[in-house]
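Report on one structure; see the data block that follows.
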Amino acid sequence: MSTILLEKVARDFTDGETIRRVLFPIDLEIYPRELTVLSGPSGSGKTTLISIIGLVLRASEGRVIIMDKDVTNLSDDESASMRLKLYGFVFQQPMLIEGLNILENVILSLAVQGKKIQNSEKQKAMQLLKILGLEDYINMQPRLLSGGQKQRVSIARALIKDPPIILCDEPTSALDAQSGQVVLDILKRIAVEDKKAVVVVSHDSRVFPFADRLIKLEDGIIVSDTQEEYTN
Amino acid sequence: MRSFTALRMLLHDRSSTAGSLLGVVAIVFLVGQQLSILFGLLNFMSVLVDHSGADAWILSSQITNVDAANLIPSSYLERTIGLPEIQWAEPILFGNGLFKKKDGSFESVRVIGVRRPYLAGGPWAFVSSDNRSLLDVDSVTVDRLDLPKLGSPSIGDITEIGSTRVIIGAITDDARGFQGTLVFGNLEKVRQISKIPPGRYSAILVKFKKGVDPKQCIDKLRVILPRASVYSTAELSQLTRTYYIINTGIGGSFGFSTVISILIGVVIITLTMYSSVLNRERDFAVMRALGARRRDIIVVVISQALIISIIGIILGFLFLAILFNAVRGTSMPHYYPKIVPPIHAGITIIVSLLGSLVALRKALKSEPASVFH
């Protein structure tokens with residue numbers, strides 16, 4: 001059973017009076033236990049596609065079904081609650097909030113709607129940071145960490161909710177080779193061992209060997225959707 | 001966690017937080033200082049009425065303020081004092097004269113004559129000697145804050161007011177009026193100084209017996225004295241204050257200054273909070289992407305505005321307290337009634353929230369989709 005199901009999903013943008021289609025009707029199913037890579041050149045529509053999958057952008061046409069629920073026409077607040085419950089995000093830049101320390105940045109992901117943090121959740125965040133090799137940094141401000149460390153914090157922030165879907169936007173593009181390797185190892189392990197649907201948007205060829213499935217987009221159309229040969 | 005995040009953001013963004021705090025402190029301090037002077041002047045305007053100890057005042061008809069009272073006949077006093085509801089009724093005289101200083105020059109003074117032995121309407125606070133000094137027919141009081149103006153006379157000094165011999169009998173403590181330097185004397189002396197004919201008074205002060213209804217008594221006095229104005233002390237105080245506020249431009253002037261102070265504060269708060277949110281636009285977009293609803297962003301921004309306003313109010317009141325302490329005992333009018341601080345604080349919070357609205361609008365425009373660009 002697929003975690004994410006897109007049916008004839010398309011997206012238009014308006015430039016003044018002209019309407020520009022950036023994503024042509026796409027049918028796509030994304031499964032758990034897989035690391036799916038969306039790849040393609042700039043302007044191919046991959047960012048638009050991951051934004052629609054991540055419920056931060058509405059499709060102009062088609063249906064979006066997440067975990068068997070049609071989420072196409074959810075309100076802003078309902079979409080936000082779905083993101084909180086079902087999604088973990090890893091962005092191109094780690095986008096940690098300055099002012100909050102590393103531990104607080106991780107637990108913010110749980111408490112962004114005002115939920116009171118339980119001690120057990122704090123312990124879980126510390127455990128996650130420990131697994132990611134950041135146990136010595138929990139009280140530090142994000143600016144004091146390296147790019148790779150920050151990206152690992154953002155992975156912890158995505159995982160703390162134990163969501164079934166992890167969406168990553170160019171997670172390695174700002175990292176050196178070694179840090180990129182560490183991050184991809186973690187994402188692969190999350191997909192396989194934690195049975196999550198991990199979607200990575202990247203045009204970094206270093207990512208491809210980790211993919212269970214590689215989907216290529218060009219000019220808003222899926223031009224290839226391949227499996228196995230890229231499996232590590 | 002939302003309020004906690006708001007606090008942590010404020011602590012991190014020190015320069016913009018300091019700017020917003022400055023806006024709130026400016027509102028609290030500048031408005032508080034303006035209000036204290038205004039209330040101080042209001043007190044001056046009705047000082048004689050407020051400290052009279054009377055329940056009601058009888059004055060000439062159609063008066064606009066206590067200082068504009070024409071003379072009334074002494075028969076009003078006799079008709080008043082005969083009423084069973086009256087505990088006492090005492091006449092008072094207001095006049096003007098020139099106080100002769102030691103160096104031979106003169107200073108214009110407002111003279112108030114009160115009748116012995118009750119001395120109702122007389123001075124109420126002293127630094128040297130006391131009320132009893134006015135029992136001496138030649139004795140007058142002057143205020144310590146007016147002493148330099150009057151050539152620094154001392155107790156026992158003999159001088160002249162309006163070519164009439166007087167002795168400085170007591171020195172009052174902050175018994176000063178809006179219409180200039182107040183000098184209290186006894187009725188006969190003031191009549192002589194101001195050349196007021198016998199059988200005439202400026203006003204009659206009335207004290208009702210305990211248990212009587214003041215409103216009924218005032219109505220009764222109005223019937224008995226149809227050609228006089230009869231006011232309760234509170235009414236006359238309000239009438240006098242309103243007259244001066246409207247006719248001297250004080251109300252408009254202080255109102256304008258207060259509005260300008262509030263506007264300056266709002267502009268500072270708006271700009272600094274807007275700039276802070278502008279710098280945090282990406283963070284709000286991240287929070288939205290992580291699952292924050294619009295209302296959660298509102299909570300964060302409003303929490304920031306509330307934290308800033310509460311700290312700003314505390315600092316502003318602290319600075320005001322320092323100012324009031326510094327001007328205590330000086331000639332600068334200042335009075336800040338206890339009822340004002342809560343209202344002042346409440347308005348400041350509202351103003352701070354208004355100042356944060358532009359920033360809030362910007363924060364709510366943070367698009368979660370922008371995190372993928």
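Could you tell me how many degrees, from 0 to 90 and to the nearest 10, lie between the Cα long axis of helix B:281-290 and the main elongation axis, the longest principal axis, of the Cα atoms of chain B?
The two axes meet at around 60 degrees.
Antiparallel as a % of all DSSP beta bridges within the protein assembly as shown, to the nearest 5?
Rounded to the nearest five, the antiparallel share is 65 percent.
Exactly which trypsin sites (Lys or Arg not before Pro) in region A:91-128 are in a DSSP loop and have at most 12 other Cβ atoms within 10 Å?
The qualifying sites are A:Lys116.
Extension gain A:Arg33-A:Met1, at 0.36 nm per residue separation less the Cα-Cα distance, in nm?
That pair, A:Arg33 and A:Met1, stretches by 10.4 nm at full extension.
Nearest-5 percent of antiparallel DSSP beta bridges in region B:92-197?
Once the DSSP bridges in region B:92-197 are tallied, antiparallel ones form about 65 percent.
Have a look at the DSSP beta bridges in chain A and tell me what percent are antiparallel, nearest 5.
55
Across peptide B:279-289, what mean number of C-beta atoms from other chains lies inside 10 Å of a residue's C-beta?
5
For peptide A:105-114, compute the average count of partner chain beta-carbon atoms within 10 Å of each residue's beta-carbon.
Neighbouring Cβ atoms belonging to other protein chains average 6 per residue here.
Mind checking region B:171-254 for trypsin sites (Lys or Arg not before Pro) that DSSP puts in a loop (not H, G, I, E or B) and that have at most 16 other Cβ atoms within 10 Å?
B:Lys195, B:Lys209, B:Lys210, B:Arg227
In what order do B:Thr240, A:Thr226 fall by count of nearby beta-carbon atoms within 10 Å, going from fewest to most?
Lowest count first: A:Thr226, B:Thr240.
What ranking of B:Thr348, B:Thr159 emerges when the number of other C-beta atoms within 10 Å of each C-beta is taken as an exposure proxy, fewest first?
Ordered from fewest to most neighbouring Cβ atoms within 10 Å, B:Thr348, B:Thr159 come out as B:Thr159, B:Thr348.
Have a look at A:Pro25, A:Pro41, A:Pro164 and tell me which one the Gaussian network model of chain A (Cα, springs below 10 Å) gives the largest fluctuation.
For chain A, modelled as a Gaussian network with Cα springs under 10 Å, the answer is A:Pro41.
Of A:Met95, B:Met287, how do they rank once you tally other Cβ atoms within 10 Å and put the fewest first?
Final ranking by Cβ density, sparse to dense: A:Met95, B:Met287.
For region A:1-35, which GluC sites (Glu not before Pro) pass both filters: DSSP loop (anything but H, G, I, E, B) and at most 15 other C-beta atoms within 10 Å?
Of the GluC sites (Glu not before Pro), the ones in loops of region A:1-35 whose Cβ has at most 15 other Cβ atoms within 10 Å are A:Glu17.
With a 10 Å cut-off between alpha carbons and a GNM built on chain B, which of B:Ile297, B:Ile245, B:Ile168 moves the most?
Among B:Ile297, B:Ile245, B:Ile168, the largest GNM mean-square fluctuation belongs to B:Ile297.
Could you tally up the Lys pairs in chain B with alpha carbons closer than 19 Å? Skip any pair fewer than 8 positions apart unless they're on separate chains.
Close lysine pairs under the 19 Å cut-off: 10.
Every number here is computed from the coordinates shown, using simple stated rules; none is lab data. What you are looking at is a predicted structure, and each value in this text was computed from that prediction instead of being measured. FYI the Cβ positions are ideal-geometry reconstructions off the backbone, even for glycines, and counts take in every protein chain you see.
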